[in-house]
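Accompanying notes for the structure given below.
The values are calculated or read from the model by the stated rules, or taken from the named source; none is laboratory data. Bear in mind that the values here come from a model prediction, so they are computed numbers and not experimental data. Note: ideal-geometry Cβ built from the backbone for every residue, glycine included; neighbour counts use all protein chains shown. What goes into the accessible areas is simple: the full protein's heavy atoms, side chains included, and nothing from ligands, DNA or RNA. Shrake-Rupley method; radii C 1.70, N 1.55, O 1.52, S 1.80 Å.
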Amino acid sequence: LKTKSINFQSAIIVQKPYVKRRCIAIAEVEFPNNEIYVASQNLTFEEFIEQSLKNKTMDINEIINEIVGEINIILEAPHYNIQSKQPIDNKTLLSYEFLLNQEIK
């Protein structure tokens, strides 16, 4: 929107449930003076996994890779000033580190 010189006061971003937080973090940096709303399907993490497996949109390895990737971006992107820093609880960080060190078979 910036490169196209499109001016706006508010916007709605529609995204997957596990990307919602990162969208907010990016909007805080990229559009600090605009009202940005982020919407997604209202699912618990368990419901998201169940739905993904049932609909065959992702298998369990793809789900794990997506989630680990999202956490990685949340941790690294603030260093490049492309999103705001987000707190991540210790349990999530430990799970992230564990999954990073696993070989997917």
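Scanning region 2-41 for residues that are more than 16 Å from residue 74 (Cα to Cα), touching a residue at least 12 places away in the same chain (Cβ under 8 Å) and assigned to a loop (DSSP other than H, G, I, E, B) gives 2, 8, 9, 31, 34, 40, 41. The residues on offer are 48, 31, and the sole one that is closer than 29 Å to residue 97 by Cβ and either of a type in the set (Phe, Trp, Tyr) or touching a His at 6+ places or on another chain (Cβ under 9 Å) (or both) is 48. Checked against (1) of a type outside the set (S, T, N, Q); (2) modelled with pLDDT of 95 or more; (3) over 14 Å from the mean Cα position of the chain (by Cα), residue 78 meets all criteria but (3). Can you go through 14, 38 and tell me which one is touching a strand residue (DSSP E or B) at 6+ places or on another chain (Cβ under 8 Å) and open to solvent by less than 40 Å² (accessible area, probe 1.4 Å)? Step by step, each of 14, 38 is checked, and only 38 is touching a strand residue (DSSP E or B) at 6+ places or on another chain (Cβ under 8 Å) and open to solvent by less than 40 Å² (accessible area, probe 1.4 Å).
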